Amino acid sequence: MRVVLEFFPVGGSLRLPIHYNHLVQAMIYRSLDKALAEWLHNRGYDYGKRRFKLFTFSRLLCRDREYDLERKTITFKGPIRLKVGSADVRLLELLASYLVRRQEVKLSGTSCLFTAVEVEMPVEVSGPVIVRALSPIVVYSTLRDASGKKKTYYYNPWERDFQEKILENLKRKWTALYKGEEPPAMEGAYIKPLRVSKHNEVIALFKNTVVKGWTGIYELHLPGPYFSLAYDAGLGSKNSQGFGMVEVVKT
């Protein structure tokens with residue numbers, strides 16, 4: 001399930017640091033029931049040693065925005081939209097309910113009036129679809145160099161492991177969500193870049209940690225159950241930090 005939230009900054013504009021994902025994530029957690037927020041933050045859906053939150057969100061969507069590279073800020077003017085997806089409907093219900101009651105949220109100290117919530121219609125697929133990344137898709141491995149020191153390697157969309165690790169990640173998410181059920185077959189599944197260039201590489205900071213991901217247009221072919229999970233919870237890694245949300249642009 002996915003919802004679209006709309007806010008309007010008090011005073012007409014909202015200035016945030018360029019790397020603002022942690023502020024949006026914190027706003028989402030603050031809007032949830034305390035028990036659910038703590039469970040998601042501290043545990044989530046487990047698969048071995050891995051923990052999945054199974055929610056994701058887009059970048060802030062606004063027609064009028066202005067970057068200040070010297071101050072490293074971005075200013076949004078007018079209505080701001082945020083898409084949030086989750087494999088757990090409770091999260092979205094609690095989020096929407098809280099915002100409807102409060103009618104206001106704060107981002108970086110600026111009050112924003114909550115003006116609307118829209119539930120997106122589910123997308124049904126029967127073959128390959130064209131998707132746009134609403135937030136960068138992150139795919140990485142943790143490796144060790146010759147001295148044994150850990151190093152994070154981020155894959156690009158033209159590397160074979162980019163696709164393989166996305167599909168492996170989806171299988172793990174499925175197993176974590178539907179414990180005890182046999183994962184569906186993933187025969188013929190793929191993701192490939194269609195309109196992606198070096199300009200689509202995004203280097204972000206999340207709480208002082210460098211994260212590399214890719215926006216752009218991709219062709220995606222997944223069996224229905226996996227597509228729904230990817231559409232709601234995100235493709236790739238670090239989804240709950242605001243990475244890996246996509247939208248269908250052509251079926």
Which of the residues that make up the stretch 155-174 are in contact with a strand residue (DSSP E or B) (Cβ under 8 Å, 6 or more places away or on another chain) and open to solvent by 40 Å² or more (accessible area, probe 1.4 Å)? W158, D161, Q163, K165, R172
All-but-one check, K149 against (1) surrounded by fewer than 16 Cβ atoms within 10 Å (Cβ to Cβ); (2) more than 28 Å from A230 (Cβ to Cβ); (3) in contact (Cβ under 8 Å) with a residue 24 or more places away in the chain; (4) not aliphatic (A, V, I, L, M), failing number (3)
Determine the pairs where a residue that is within 28 Å of E93 (Cα to Cα) and at pLDDT below 95, located within the stretch 119-140, has a partner that is buried (at least 24 other Cβ atoms within 10 Å of the Cβ) and not polar (S, T, N, Q) with Cβ atoms under 8 Å apart, the partner being 6 or more residues away or on another chain. V123/Y231; V125/L222
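Among the residues of the stretch 39-48, what is the count of those that are over 19 Å from Y178 (Cβ atoms) and either touching a residue at least 60 places away in the same chain (Cβ under 8 Å) or out of contact with any Phe, Trp or Tyr (no Cβ under 9 Å at 6 or more places or on another chain) (or both)?
1
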Within the stretch 148-174, work out how many residues are assigned to a loop (DSSP other than H, G, I, E, B) and at pLDDT below 95. 2
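Of these, L92, L113, L23, L54, which one is in contact (Cβ under 8 Å) with a residue 24 or more places away in the chain, among the hydrophobic types (A, V, I, L, M, F, W, C) and over 22 Å from F243 (Cα atoms)? Break it down into steps so the answer makes sense when it comes.
Numbers: L92 fails: over 22 Å from F243 (Cα atoms); L23 fails: over 22 Å from F243 (Cα atoms); L54 fails: over 22 Å from F243 (Cα atoms).
Only one candidate qualifies: L113.
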Does E219 satisfy the criteria of being surrounded by fewer than 17 Cβ atoms within 10 Å (Cβ to Cβ), in contact (Cβ under 8 Å) with a residue 12 or more places away in the chain and of a type in the set (D, E)? yes
Kindly indicate whether any position in the stretch 241-248 is assigned to a loop (DSSP other than H, G, I, E, B), open to solvent by 60 Å² or more (accessible area, probe 1.4 Å) and at pLDDT 95 or above. no
Count, please, the residues in the stretch 195-216 that happen to be surrounded by 14 or more Cβ atoms within 10 Å (Cβ to Cβ), in contact with a strand residue (DSSP E or B) (Cβ under 9 Å, 6 or more places away or on another chain) and part of a strand (DSSP E or B). 8
Looking at the stretch 26-44, can you tell me whether even one residue there is in contact with a Leu (Cβ under 7 Å, 6 or more places away or on another chain) and assigned to a strand (DSSP E or B)? no
Matching residues in the stretch 55-73 - criterion: being among the small types (G, A, S) and open to solvent by 20 Å² or more (accessible area, probe 1.4 Å): none
Residues located in the stretch 8-38, provided they are under 21 Å from D88 (Cα atoms) and open to solvent by less than 10 Å² (accessible area, probe 1.4 Å): V24, M27, I28, S31
Looking only at residues in the stretch 175-186 that are in a loop (DSSP other than H, G, I, E, B) and touching a residue at least 24 places away in the same chain (Cβ under 8 Å), which one is most open to solvent (accessible area, probe 1.4 Å)? A185
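Rundown of residues vs (1) in a loop (DSSP other than H, G, I, E, B); (2) surrounded by 14 or more Cβ atoms within 10 Å (Cβ to Cβ); (3) β-branched (V, I, T), yes/no style:
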residue	(1), (2), (3)
V105	no, yes, yes
A116	no, no, no
M121	yes, no, no
I130	no, yes, yes
S135	yes, yes, no
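Taking the condition in a loop (DSSP other than H, G, I, E, B), open to solvent by less than 70 Å² (accessible area, probe 1.4 Å) and in contact (Cβ under 8 Å) with a residue 60 or more places away in the chain, does L5 pass? If you could, list the steps in order and put the result at the bottom.
Working: in a loop (DSSP other than H, G, I, E, B): no; open to solvent by less than 70 Å² (accessible area, probe 1.4 Å): yes; in contact (Cβ under 8 Å) with a residue 60 or more places away in the chain: yes.
No; evaluated as a whole, the condition is false for this residue.
The values are calculated or read from the model by the stated rules, or taken from the named source; none is laboratory data. For clarity, every value in this text was computed on a predicted model and none was experimentally measured. Glycine also receives a Cβ, built like all others from the backbone with ideal geometry; neighbour counts cover every protein chain displayed. Calculation scope for accessible area: heavy atoms of the full protein, side chains included, ligands and nucleic acids excluded. Shrake-Rupley method; radii C 1.70, N 1.55, O 1.52, S 1.80 Å.
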